[in-house]
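Asks: Mind looking over this structure? Questions follow.
The values are calculated or read from the model by the stated rules, or taken from the named source; none is laboratory data. All figures in this text were calculated on a predicted structure; none of them were measured in a lab. Heads up, the Cβs are rebuilt from the backbone with ideal geometry, glycines too, and the neighbour counts pull from every protein chain shown. The area values use the complete protein model at the heavy-atom level, side chains included, leaving out ligands, DNA and RNA. Shrake-Rupley method; radii C 1.70, N 1.55, O 1.52, S 1.80 Å.
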Amino acid sequence: MEKKEERFSKRPDFHKIEEKIAKFWSDESIYRFFQNSNKPVYSIDTPPPTISGKLHIGHAFSYSQTEFIARYKRMAGFNVFYPFGYDNNGLPTDLLTEEKLKIKSRDLPRPEYVKKCLMVSAEVEKEYECIFKRMGLSCDWTQVYKTIEPRVQRISQLSFIKLHEKGRVYRKLAPAIWCPKCATAISQTELEDKQLQAQFNYVLFELENGEKIEIATTRPELLSSCLAVFVHPEDKKHAHLIGKKAKVPLFERSVPILADERVDPQKGTGIVMFCTFGDLTDVEWFNANDFEAIISVDKNGKMTEKAGKFKGLTVAEARKAIIEELKKKGLLVKQEPLVHTVNVHERCGTPIEFLLSKQWFIKYLDLKEKYIEAGRQLHWFPEHMRVRYENWVKGLQWDWCISRQRYFGIPFPVWYCKKCGREILASEEQLPVDPLKDSPTKKCSCGCTEFEPEKDIMDTWATSSLTPLINAGWSEKGKEKRFKLLYPMTLRANAHDIITFWDFHTIAMDLFHTGKVPFKDVMISGHGLDRHGKKMSKSRGNIVRPMEVMDKYSADALRWWAAGVKLGEDLNYREEELAAGIKICTKLWNVARFLSMHLSEKPVKPEKLNVLDEWILAELDEVIEKATQSFESYEYSKAKSAVEVFFWNSFCDNYLEMVKYRLYGNEEKNAALWTLYNAFFTQLKLLAPFIPFITEEIYQRLFREWEKEKSIHLQQWPVQFNKSSPTALETGRAAVIAVGELRKWKKEKNLSLGAEVGSLVLEHPEADKMLAVKKEIAKTIRASSIELKKAKKARVVEL
């Protein structure tokens, strides 16, 4: 039989270990979810990564933290349902395809373009899978879903039909948020605030009596769309203007001057022009008043014929040209620079416009209080993230626009009667359906059999918000047991930036379809940032790729870094911190190698333990308790910290050195071996959620033949040894203090820690507590003898 010491090389090859262990996990189906298991289910609803480009270290950071919990729960006795998905339908994948293939969707026939999107998606999915498997994600890779696959399309289309039946979806001509670059409507959740340098342009409007008034605007290019002028009803300075008319400069059209409380009298001149549409306030005014819109900006971000001679210019070009024209005619009083908060599309950073167009909406503004109540039914970790959710709900101003004017995505299951215009929905049996290829199964109620297909696609979030239903098998025949077992999900885990996108919309959709909140716990991570605390982006050139990090260091080192911050907090990426992960993995290997030299069989539990054995197990009991409590409250970083401090300080620096002499003699050897075996094995299990590869490798080499489970990740989570003897704790901690003082003395004498010394006297305030381990102290410090004396100050005297 191979000697155990021969199973451990002097230096571990982490990359070879990780490759071998990943194959072992796959071959042995270690992380498979078993629907018929008797174990309690712990189901995880993880965010399917968007197929939008290459992953960066921030993705690895967030996904690792969820993974720590999955591994802990599996060891804690749960049947863990941990699927994996790819969000590969809709705008993100669409834009990636255009970028990678250097094409435009509108330049190709729709079916051909869709094929190219699917091809690009498949390539990126393989890249993602490779990275996530390399990271050691313990997903059940037989439970993979894609948001564009037919099964998911069916669920998404059925969701739309059910909402239509409930009167919760509608289509109407209304102001919609529009991205000129992506050429599609978007929703409020897809907006980001961006600080831009702008100018307040003070423009002269003329009243009918010849009086001139100044109006400050950042968007003079929308003068052609001006429908009215507003002042605050309590603004005494401008009260005389209410009811009069003003002439729009350059366009010679008179508009009414009205009062509205939404005007800020302290901003600009206190007089505001209302146009269709400059911002959300303009939309509110349009909806509240009986105006006919004048649209000066088209879907491509260019000026329409309503802009007169400025037709065809881009918004930026028109702004510049109109300002010059105003100057020439003496209508521009002054310009003031300002930092302006602008709504931009979060996908491309383009400032949005508001266009009047027919769009599909989900009606939910009337349910804001219900959504707040639902959020309070959930357990948020950290708790303050619930406030972000509530603030978002309170700030909602629009129903959810779910239609997109793109080619790639899930089609609406809708046709329109060519005769009467009635909406015709697909039958449930037809799903999934493509109205561009398929036809309704029945004629219209007016008798017409000719139909116009809906060409728009659904917003990707209208599908990804259904992930709990998708994974549980909602509405699928034969999956009733599965749905009951998995739904509601136990955990929703994601980064804080998609609380508004994903968490809110999932809660909204599930309340519509099941009347329940879709999960019990919500775990919100922070972001992995660059070393200067900046968000990673292509434009900044600061992206760090996880595969490059793992190639240079290891997957375990990357995971160790990701565990180094409290849940919900951002973490800067610093390479030097990866070294800490390598260091602990190497130390674990060396300890295992040392222990293997002394193990020929599993140690038998002794009748009596040395007081230092009792001490280390009592200390370990406290670590087990703290780590368990921390994991139960999703505070993985506290669990990591507790185990890390114990491993380096109590176990390696002290206990291991204190018992070495016992391993080379017969006296108390078995007690030392038994304690070392169990203390080290316990620490491996405590560390397994964080560094799964090295802990698995050591388990297979050192412990597997004596332990029943085929993987350390199927082992039971550690339980306490119940060795919490106050006397043992006091004595052991006193021994650590004594050894520390003596090591300090050796250092001052320029002696190596392994140098043998003669008889010593240690004077110390706690000398009486050290008497029981005088021999162990002497052996550890390699002194021929030790005398302990109680004194006010610590001092070492050489005899």
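Asks: Which of the numbered conditions does Ala70 fail, given that it passes all the others? Conditions: (1) open to solvent by less than 20 Å² (accessible area, probe 1.4 Å); (2) at pLDDT 95 or above; (3) under 13 Å from Phe132 (Cα atoms).
Replies: All conditions pass for Ala70, except number (3).
Asks: Let me ask something else. Any chance you could count how many residues in segment 432-459 are open to solvent by less than 10 Å² (accessible area, probe 1.4 Å) and among the small types (Gly, Ala, Ser)?
Replies: 0
Asks: Taking the stated definitions as given, is His598 open to solvent by 50 Å² or more (accessible area, probe 1.4 Å), part of a loop (DSSP other than H, G, I, E, B) and of a type outside the set (Lys, Arg)?
Replies: The answer is no for His598.
Asks: Sort out which residues of segment 246-268 are charged (D, E, K, R), under 24 Å from Glu336 (Cα atoms) and either open to solvent by less than 10 Å² (accessible area, probe 1.4 Å) or in a strand (DSSP E or B) (or both), and write them in order of number.
Replies: Across segment 246-268, the qualifying residue is only Lys247.
Asks: Still on this structure, I have one more. Filter segment 447-467 down to the residues that are of a type in the set (S, T, N, Q) and outside any loop (DSSP other than H, G, I, E, B), then identify the one that is modelled with the lowest pLDDT.
Replies: Across segment 447-467, the extreme among qualifying residues is Thr460.
Asks: Return yes or no: is Glu696 crowded, with 22+ Cβ neighbours inside 10 Å, under 18 Å from Glu67 (Cβ atoms) and among the acidic types (Asp, Glu)?
Replies: Judged against the criteria, Glu696 is a match.
Asks: Within 30 Å of Gly301 (Cβ to Cβ) and among the β-branched types (Val, Ile, Thr): is that true of Val152 in this structure?
Replies: no
Asks: Checking the structure you have, find out if any residue of segment 363-384 is in contact with a Lys or Arg (Cβ under 6 Å, 6 or more places away or on another chain) and either on the phi > 0 side of the Ramachandran plot or modelled with pLDDT under 95 (or both).
Replies: Looking through segment 363-384, none of the residues is in contact with a Lys or Arg (Cβ under 6 Å, 6 or more places away or on another chain) and either on the phi > 0 side of the Ramachandran plot or modelled with pLDDT under 95 (or both).
Table: residues versus (1) at pLDDT 90 or above; (2) part of a strand (DSSP E or B); (3) farther than 30 Å from Gln629 by Cβ; (4) open to solvent by less than 80 Å² (accessible area, probe 1.4 Å).
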residue	(1), (2), (3), (4)
Glu730	yes, no, no, no
Ala735	yes, no, no, yes
Ala738	yes, no, yes, yes
Lys746	yes, no, yes, yes
Val761	yes, yes, yes, yes
Lys775	yes, no, yes, no
Ala778	yes, no, yes, yes
Val796	yes, yes, yes, yes
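Asks: Follow-up. Tell me which of these Leu108 doesn't satisfy, since it passes every other one: (1) touching a Pro at 6+ places or on another chain (Cβ under 7 Å); (2) surrounded by fewer than 22 Cβ atoms within 10 Å (Cβ to Cβ).
Replies: Checking Leu108 against (1) touching a Pro at 6+ places or on another chain (Cβ under 7 Å); (2) surrounded by fewer than 22 Cβ atoms within 10 Å (Cβ to Cβ), the one that fails is (1).
Asks: Quick check: is even one residue across segment 562-576 of a type in the set (Phe, Trp, Tyr) and out of contact with any strand residue (DSSP E or B) (no Cβ under 9 Å at 6 or more places or on another chain)?
Replies: Within segment 562-576, none of the residues are of a type in the set (Phe, Trp, Tyr) and out of contact with any strand residue (DSSP E or B) (no Cβ under 9 Å at 6 or more places or on another chain).
Asks: Suppose we filter segment 626-648 for residues that are touching a residue at least 12 places away in the same chain (Cβ under 8 Å), assigned to a helix (DSSP H, G or I) and not hydrophobic (A, V, I, L, M, F, W, C); how many remain?
Replies: 8
Asks: Counting only residues that are more than 30 Å from His238 (Cβ to Cβ) and open to solvent by less than 10 Å² (accessible area, probe 1.4 Å), give me the strands (runs of 3 or more DSSP E) lying completely in segment 139-212 with at least 2 of them. Steps first, please.
Replies: Values: elements: 144-146, 169-179, 184-186, 191-207.
Qualifying strands (runs of 3 or more DSSP E): 169-179, 184-186.
Asks: Related question: Quick one: Thr441 ticks every box in (1) under 26 Å from Ser105 (Cα atoms); (2) without any contact (Cβ under 8 Å) to a residue 24 or more places away in the chain bar one, so which box is it?
Replies: Failing condition for Thr441: (1).
Asks: Within segment 563-572, does at least one residue satisfy the condition of being in a loop (DSSP other than H, G, I, E, B) and either over 19 Å from the mean Cα position of the chain (by Cα) or under 23 Å from Lys16 (Cβ atoms) (or both)?
Replies: Of segment 563-572, the ones in a loop (DSSP other than H, G, I, E, B) are 563-570.
The next check asks that each one be either over 19 Å from the mean Cα position of the chain (by Cα) or under 23 Å from Lys16 (Cβ atoms) (or both); those that pass are none.
So far as segment 563-572 goes, no, none of its residues is in a loop (DSSP other than H, G, I, E, B) and either over 19 Å from the mean Cα position of the chain (by Cα) or under 23 Å from Lys16 (Cβ atoms) (or both).
Asks: What is the one condition in (1) within 24 Å of the chain's Cα centre (by Cα); (2) in contact (Cβ under 8 Å) with a residue 12 or more places away in the chain that Glu373 does not satisfy?
Replies: (2)
Yes/no per residue for (1) open to solvent by 30 Å² or more (accessible area, probe 1.4 Å); (2) more than 17 Å from Arg386 (Cα to Cα):
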position	(1), (2)
Trp461	no, yes
Gly478	yes, yes
Phe483	yes, yes
Leu486	no, yes
Asp503	no, no
Lys534	yes, yes
Glu548	yes, yes
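Asks: Do we have any residue at all in segment 308-320 that's in a strand (DSSP E or B), over 19 Å from Ala259 (Cα atoms), at pLDDT 90 or above and open to solvent by 30 Å² or more (accessible area, probe 1.4 Å)?
Replies: Yes, the conditions are met somewhere in segment 308-320.
Asks: Tally time: how many residues in segment 484-536 are in a helix (DSSP H, G or I), in contact with an Asp or Glu (Cβ under 9 Å, 6 or more places away or on another chain) and of a type in the set (A, V, I, L, M, F, W, C)?
Replies: Summing the residues that are in a helix (DSSP H, G or I), in contact with an Asp or Glu (Cβ under 9 Å, 6 or more places away or on another chain) and of a type in the set (A, V, I, L, M, F, W, C) in segment 484-536 gives 1.
Asks: Looking only at segment 640-661, count how many residues are closer than 17 Å to Ser596 by Cβ and either open to solvent by 30 Å² or more (accessible area, probe 1.4 Å) or not aromatic (Phe, Trp, Tyr) (or both).
Replies: Total meeting the criteria: 4.
Asks: Right, another one. So in segment 269-291, with the set limited to residues that are part of a loop (DSSP other than H, G, I, E, B) and modelled with pLDDT under 90, which one is surrounded by the fewest Cβ atoms within 10 Å (Cβ to Cβ)?
Replies: Asp290
Asks: On the basis of being buried (at least 22 other Cβ atoms within 10 Å of the Cβ) and more than 29 Å from Ser26 (Cα to Cα), does Gly85 make the cut? Reasoning before the result, please.
Replies: Details: buried (at least 22 other Cβ atoms within 10 Å of the Cβ): yes; more than 29 Å from Ser26 (Cα to Cα): no.
So Gly85 fails the test.
Asks: To continue, here is another question. Residue check: is Trp560 over 19 Å from Leu673 (Cβ atoms), among the aromatic types (Phe, Trp, Tyr), in contact (Cβ under 8 Å) with a residue 12 or more places away in the chain and assigned to a helix (DSSP H, G or I)?
Replies: Details: over 19 Å from Leu673 (Cβ atoms): yes; among the aromatic types (Phe, Trp, Tyr): yes; in contact (Cβ under 8 Å) with a residue 12 or more places away in the chain: yes; assigned to a helix (DSSP H, G or I): yes.
Yes: the conditions hold for Trp560.
Asks: Among Val433, Val339, which is the only one that is among the β-branched types (Val, Ile, Thr), in contact with a helix residue (DSSP H, G or I) (Cβ under 7 Å, 6 or more places away or on another chain) and either more than 30 Å from Arg540 (Cα to Cα) or part of a strand (DSSP E or B) (or both)?
Replies: Val433
Asks: Please tell me if Trp398 is within 29 Å of the chain's Cα centre (by Cα), surrounded by 14 or more Cβ atoms within 10 Å (Cβ to Cβ), touching a residue at least 60 places away in the same chain (Cβ under 8 Å) and part of a strand (DSSP E or B). Lay out the reasoning, then the answer.
Replies: Values: within 29 Å of the chain's Cα centre (by Cα): yes; surrounded by 14 or more Cβ atoms within 10 Å (Cβ to Cβ): yes; touching a residue at least 60 places away in the same chain (Cβ under 8 Å): yes; part of a strand (DSSP E or B): no.
Considered against the rule, which asks whether it is within 29 Å of the chain's Cα centre (by Cα), surrounded by 14 or more Cβ atoms within 10 Å (Cβ to Cβ), touching a residue at least 60 places away in the same chain (Cβ under 8 Å) and part of a strand (DSSP E or B), Trp398 comes out as no.
Asks: Looking only at segment 612-621, decide whether some residue is surrounded by fewer than 17 Cβ atoms within 10 Å (Cβ to Cβ), out of contact with any Gly (no Cβ under 6 Å at 6 or more places or on another chain) and at negative phi.
Replies: No: segment 612-621 contains no residue that is surrounded by fewer than 17 Cβ atoms within 10 Å (Cβ to Cβ), out of contact with any Gly (no Cβ under 6 Å at 6 or more places or on another chain) and at negative phi.
Asks: Do we find a residue being touching a Leu at 6+ places or on another chain (Cβ under 6 Å) and not in a helix (DSSP H, G or I) anywhere in segment 354-370?
Replies: For segment 354-370, residues touching a Leu at 6+ places or on another chain (Cβ under 6 Å) and not in a helix (DSSP H, G or I): present.
Asks: A follow-up question, please. Condition check: open to solvent by 50 Å² or more (accessible area, probe 1.4 Å) and at pLDDT 90 or above. Does Lys552 satisfy that?
Replies: Yes; evaluated as a whole, the condition is true for this residue.
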